[in-house]
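Data first, discussion second: the structure below is written as structure tokens.
Please treat every number below as a calculation from the coordinates, not as lab data. If you're wondering where the values come from, they're calculated on a predicted model, not measured in any experiment. Ideal geometry is used to build each Cβ from the backbone, glycine not excepted, and the neighbour counts take in all protein chains shown.
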Amino acid sequence: MIPLTVPHFNGNEWKYVKDCLDTGWISSAGAYVEKFEHSVADYVGARHAIACSSGTTGLQVAQLVAGVVPGDMVIAPNLTFVATINSICHAGAQPILVDVDASQWQMDLDLLESFLDCETELREPADDESAVKQCVHRSSGKTIRAIMPVHVLGVIGDMHRLVEIANRHGLVLIEDGAEALGSMWQNQHAGTFGSIGVFSFNGNKIISTGGGGMLVTDDSEHARLAKHLTTTAKSSPNEYFHDQVGYNYRMVNVLAAIGVAQMENLSSCVAKKQSVDQIYRERLSGVGDIAFQGCDPRCTPNSWLFTLRTGHMRELAEHLGTQGIQTRPLWVPMNQLPMFASSLYVQEQDRSRQIYDSGLSLPSSVGITLDEVNCVCDAVRDFFSLGND
Ligand SMILES: *Cc1c(COP(=O)(O)O)cnc(C)c1O
């Protein structure tokens, strides 16, 4: 079988894990957590990085640190993995779902802007002496505290425009960069445009620790609070004194050891993913009704997971399945899930649905061989030469 996307270990993973086991430092203390944090911070060009138990918990903590309180609203795209929107609920807030654009499948900034212009206003908070204006959703009276773009499949939309929109409307910008470690917009790394960025090291991501996440930020107070909250909010090194309800969201040392080794190879993982993406695009362009995810020339994506669109998505998936080629549809759009069906959904043409109905991801592992990529391409071409166009 050619799997969709599996982790790849060909560096110092065994050595560093063995070191943890040999020395007994497997759990919540140990040197690899800090090493891993430093290597991610250095790589993306952020001042601080805080390791945590998953991308999902990282997103929740990012919102708490950014000041999201129960009853707030948080804006996010409608086409994403469910964890993005779950994390908004975990933080006690309600999601506002925004449809995506037809080309790059990222949050549609035109729709976003017209929603913010028409349906929200900046108000002075009654009880806040700092007098930082807040974005209020007029019809519900709720505060929209933050906006959480997702770099869908590693592609980055126009971040400079998004930063400007967020600033103008008083929104804290948190990037869900779970799929985008290594992607850049105008030579700046994903995760570093807003107040906080979050990465995931789940088994299917570009590098993996089995499970884990990382927050990155330039704000030292945000960093301090994120570390504090993810480690049970213990305020004294020697006493069990905790100054708020914290979380056990820390990353353990043995997983961080895998992360340190994975980071040593991240650049080559990105290069490999990009070359796989390029082969798919060259060999599949013009085949049947196939269309590709677009990408602004200012973006250099990490090409995490190659995904095409075709009107014959289900049949193609079945055809490839019979040849031992694993594929996946995109995520069911958030507005179609029962728990978010009544959430506010900002849309005109429900493009999320169209992209979901036609999107199919193809095998894109870092360890995939050229022969395997060609085998997938041949199978796709076969399918369309059988008259499915
Ligand atoms: C994987 C992923 C997450 C969640 O990360 P976990 O580490 O699995 O919790 C969040 N958002 C997006 C877009 C993802 O792809």
Legend entry - In sequence order, calculated HN-Hα J values of segment 221-237 (Karplus, 6.51, -1.76, 1.60; Hz; x Gly/Pro): 5, 4, 5, 4, 5, 5, 4, 4, 5, 7, 10, 6, 6, 7, 9, 9, x
Inset, instruction - Mind giving me the FRET efficiency for residue 349 and residue 138? R0 is 22 Å, r the Cβ-Cβ distance, nearest 0.05 is fine. - result: 0.35
Inset, instruction - Whole number please: convex hull volume per residue, Cα atoms of segment 274-389, in Å³. - result: 137
Inset, instruction - Using a 10 angstrom cutoff on alpha carbons, build the Gaussian network for the chain and name the most mobile of 41, 29, 341. - result: 341
Inset, instruction - Order by neighbour count: 332, 155, 260, fewest other Cβ atoms within 10 Å first, most last. - result: 332, 260, 155
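Can you pull a Stokes-Einstein diffusion coefficient for segment 2-55 at 20 °C (1.002 mPa s), Rh from Kirkwood over Cα pairs, as a whole number of µm²/s? Don't skip to the end; give the middle numbers.
Details: Rh = 13.2 Å.
Value of D from the Cα-based Kirkwood radius: 162 µm²/s.
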Inset, instruction - Go ahead and set up a Gaussian network model of the chain, Cα springs under 10 Å, then flag whichever of 108, 243, 277 fluctuates most. - result: 243
Inset, instruction - Identify the residues of segment 105-119 with backbone N under 19 Å of a label point that sits 7 angstrom from the Cα of residue 168 along the Cα-to-Cβ direction, or state none. - result: 107-119
Legend entry - For residue 294, residues with placed amide H under 5 Å, excluding near neighbours: 104
Inset, instruction - Decide, for segment 126-188, between rounded, prolate and oblate: order the square roots of the alpha carbon gyration tensor eigenvalues as a ≥ b ≥ c, take rounded if a/c falls under 1.5, and otherwise choose prolate if a/b is larger than b/c, else oblate. - result: prolate
Legend entry - Net lengthening on full extension, residue 370/residue 287 (0.36 nm per residue, minus Cα-Cα): 27.9 nm
Legend entry - Residue among 325, 206, 196 with the largest mean-square fluctuation in a Gaussian network model of the chain, springs linking Cα atoms under 10 Å: 325
Inset, instruction - Evaluate the distance, in nm, between pseudo-label points positioned 7 Å from the Cα of residue 221 and of residue 267 along their respective Cα→Cβ axes. - result: 3.6
Inset, instruction - Please quote Rg/Rh for the chain to two decimal places, taking the Kirkwood radius as Rh and restricting both calculations to Cα atoms. - result: 0.98
Inset, instruction - Quick one: which residues, 5+ away or cross-chain, put their amide H under 5 Å from the amide H of residue 325? H built at 1.01 Å from N. - result: 2
Legend entry - Interchain or long-range residues, amide H under 5 Å from residue 172's placed H: 146, 147
Inset, instruction - Under 1.5 on a/c is rounded, so check that first for segment 146-230, then, if it is not, pick prolate when a/b is larger than b/c and oblate when it is not; a ≥ b ≥ c are the square roots of the alpha carbon gyration tensor eigenvalues. - result: oblate
Inset, instruction - Take the Cα gyration tensor of segment 98-216, multiply each eigenvalue by 5, square-root it, and list the three semi-axes largest first, rounded to whole angstrom. - result: 28, 17, 12
Inset, instruction - Please work out the C-alpha center-to-center distance from segment 231-268 to segment 181-208 and express it in whole Å. - result: 19
Inset, instruction - Report the label-to-label distance for residue 186 and residue 103 in nanometres (one decimal), using points 7 Å from each Cα along the Cα→Cβ vector. - result: 1.7
Inset, instruction - Provide Rg over Rh for segment 172-275; use the alpha carbon set for both Rg and the Kirkwood Rh (inverse mean inverse pair distance). - result: 1.02
Legend entry - the chain: calculated mean residue ellipticity at 222 nm from DSSP helix runs of at least 4, using -39500 (n - 2.57): -11500 deg cm²/dmol
